[in-house]
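I have placed the structure first, in the form of structure tokens, so that the comments after it can refer back to it.
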Amino acid sequence: QVQLVESGGGLVQPGGSLRLSCAGSGILFSSYTMAWYRQAPGKGRELVASSGRDGTTNHADSVKGRFTISRDNARNTLYLQMNTLKPEDTAVYYCYASRWNAIYWGQGTQVTVSA
């Protein structure tokens, strides 16, 4: 059974930092494209950053220069380092894994940026 479990969310002031983690079980991370998505209240789910099997990474323009996605395949863990957080970054953040026809989602972790 595949499980993706996010952690590290919380309440932070504007300008602050958080590091999200996604621990996976039941899959081999190195075989999957991994990504972080987020969904703000009343909005659709959007791609924040992705990490390919070949090590390439991509970040949405809205987070470029502030967020960094990384992965530790040996630990089956995906990370999202978030710096200089803004109120508009407030959302539920989801871990995502895909390979061929298989897609898996975590349950999400809330990130709230507020003074």
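The values are calculated or read from the model by the stated rules, or taken from the named source; none is laboratory data. What you see is a predicted model; the values in this text were computed from it and never measured. No Cβ is skipped: glycine too gets one built from the backbone with ideal geometry, and neighbour counts run over all protein chains shown. These accessible areas exclude ligands, DNA and RNA; they are computed on the full protein's heavy atoms, side chains included. Shrake-Rupley method; radii C 1.70, N 1.55, O 1.52, S 1.80 Å.
Tabulated data
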quantity	calculated
Beta bridges per DSSP with both ends in the chain, % antiparallel, nearest 5	95
Cα-Cα pairs of region 1-114 separated by more than 16 Å (percent)	55
Of all accessible heavy-atom area on the chain, the percent that carbon and sulfur account for (1.4 Å)	47
Normalised alpha carbon radius of gyration of region 29-95 [divisor 2.2 N^0.38 Å]	1.11
Region 46-92 versus region 94-112: alpha-carbon centroid distance in Å	13
Value of Rg/Rh across region 1-64 [Cα atoms, Kirkwood radius]	0.99
Contact order relative to length of the chain, as percent, for alpha carbon pairs under 8 angstrom and 6 or more apart	37
Peptides 88-95, 54-61, 102-109 ordered by average Cβ neighbours within 10 Å, highest first	88-95, 102-109, 54-61
Per residue accessible area of the chain, 1.4 Å probe, in Å²	53
